[in-house]
Structure formats: structure tokens, C-alpha cells
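Please read through the structure below; I'll follow up with questions.
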């Protein structure tokens with residue numbers, strides 16, 4: 001029992017009180033992302049206590065998609081250290097296959113799960129965690145580079161065609177803090193945008209109202225000039 005009430009996965013779950021199989025309190029951040037609920041105190045508290053709520057995750061034992069949901073929540077909340085922690089919970093040959101292409105449904109210390117079935121929900125959540133670390137839109141605006149880990153900050157990254165709000169697709173590059181982003185409208189009239197991680201001025205080319213620059217960390221609306229893309233760079 002906590003000041004927020006009982007934590008249980010579902011009525012009738014036979015686990016000890018205040019423990020559960022999956023972090024369902026994170027649904028407003030993960031499976032049903034809603035910016036207003038996901039950023040509210042109960043969801044933030046659930047994220048902070050995620051390893052306490054799902055006590056088997058500390059062993060480490062993976063029950064289905066638990067670790068992947070942790071990673072997606074940390075990615076969307078823009079917490080790179082927590083994202084790295086959650087990703088490190090994936091166990092080579094026990095949770096992930098030897099080539100890191102697929103994930104198994106569950107793991108135990110004995111590591112006999114190499115022959116168990118692949119678990120596609122886990123694979124999808126991890127993939128979403130990675131792409132949302134680069135481009136996410138669950139809070140009602142497109143946030144680029146919202147969860148860059150220390151390792152990524154020092155490495156060249158390239159991504160292409162990540163579709164976001166209103167059908168806008170985002171492609172871009174990052175190398176040691178230098179960025180080159182291309183926003184394709186695909187019929188959209190504008191995009192509500194934020195560039196995270198960086199500081200200072202960000203340059204713009206191709207914006208309908210001739211906007212030339214804005215500040216990193218600022219949320220603003222860029223207007224498309226018909227079907228022409230907008231370039232964002234520093």
C-alpha cells in the first residue's frame with residue numbers, strides 16, 4: 001500500500017501486494033500516449049517507481065514486454081540515463097537473440113529461453129523507444145532529439161522518413177551536435193516543432209513566412225509553402 005493506493009495488474013492477481021507483472025500505470029505514456037495524462041503526477045510517479053512496482057525486474061527477470069515499456073516511457077519522457085538503464089536490462093541470449101534482432105517472451109536466470117517463441121510486442125516497443133528518442137510527437141508537438149544518450153551525442157546518427165503529426169515525415173542527421181533535418185509536409189499545412197538537447201540558434205530554410213531561425217528548446221509552429229519541405233540545421 002502506498003499513499004496513491006494499491007498497485008496491482010488486475011483484480012485477482014495473486015502476486016504480493018504492491019507488485020505486478022507489467023507497468024500498466026505507464027499506459028498514458030506508452031500504449032495509449034496522452035500528453036496531459038502522461039505528464040501528470042501519477043504517471044511520472046509510476047515511471048519513477050517502475051522497478052519497485054514490477055519487483056521481478058530487479059532480479060533481473062523479464063516478463064514479456066516489461067523492460068521494453070520501461071524503455072519507451074523513459075524515451076518519451078526525455079530521460080536518457082533512465083533510457084540507457086532500461087535498455088541495459090536486455091540480456092544477451094536470455095532476453096535478446098544472439099544477433100539482437102529479436103526478443104524472447106520471458107527470461108529467467110537459468111537462461112534456457114533461447115528456444116522459446118519470439119515476442120513481437122517487445123520488439124515493437126523497443127523499436128518505438130529508439131525512434132521516439134530521435135523523433136516523438138505524443139505531447140502534441142514534434143520533438144526531435146528528445147532523448148539523446150551520452151553515447152549517441154558522440155556518434156553520427158542518421159534517420160529517414162519517421163512519420164509524425166498530420167502526416168509530416170522527418171529525416172535527419174546528427175553528428176557531434178551538428179544537425180541537418182528535413183521536414184516533408186505530405187499535405188500538411190504546418191508543424192508544431194521543438195528541437196531538444198541542443199542550445200543556441202537553429203536555422204530554417206523554406207518556411208512559408210520566411211522565418212530564418214529559432215532557439216533550441218523553443219516550441220513553435222512552422223508553416224509549409226505548399227508541398228515544399230522545410231530544412232532545419234545549425
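Kindly indicate the residue of segment 206-225 that is without any contact (Cβ under 8 Å) to a residue 24 or more places away in the chain and surrounded by fewer than 15 Cβ atoms within 10 Å (Cβ to Cβ) and also nearest to residue 168 (Cα to Cα) among those meeting that condition.
To start, the set of residues in segment 206-225 that are without any contact (Cβ under 8 Å) to a residue 24 or more places away in the chain comprises 207-217, 225.
Restricting the remaining residues to those that are surrounded by fewer than 15 Cβ atoms within 10 Å (Cβ to Cβ) gives 208-210, 212-213, 215, 217, 225.
Numbers: 208: 15, 209: 18, 210: 19, 212: 20, 213: 20, 215: 21, 217: 20, 225: 13 Å.
Looking at residues that are without any contact (Cβ under 8 Å) to a residue 24 or more places away in the chain and surrounded by fewer than 15 Cβ atoms within 10 Å (Cβ to Cβ), I get 225.
So is residue 221 in a strand (DSSP E or B) and farther than 22 Å from residue 77 by Cα or not?
Values: in a strand (DSSP E or B): yes; farther than 22 Å from residue 77 by Cα: no.
Against the criterion (in a strand (DSSP E or B) and farther than 22 Å from residue 77 by Cα), residue 221 does not qualify.
Here's the yes/no breakdown for (1) in a helix (DSSP H, G or I); (2) assigned by TED's automatic domain parsing to the domain that holds residue 31:
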| position | (1), (2) |
| --- | --- |
| 121 | yes, yes |
| 125 | yes, yes |
| 129 | yes, yes |
| 152 | yes, no |
| 162 | no, no |
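The values are calculated or read from the model by the stated rules, or taken from the named source; none is laboratory data. None of these values were measured; they are calculated from a predicted model. Heads up, the Cβs are rebuilt from the backbone with ideal geometry, glycines too, and the neighbour counts pull from every protein chain shown.
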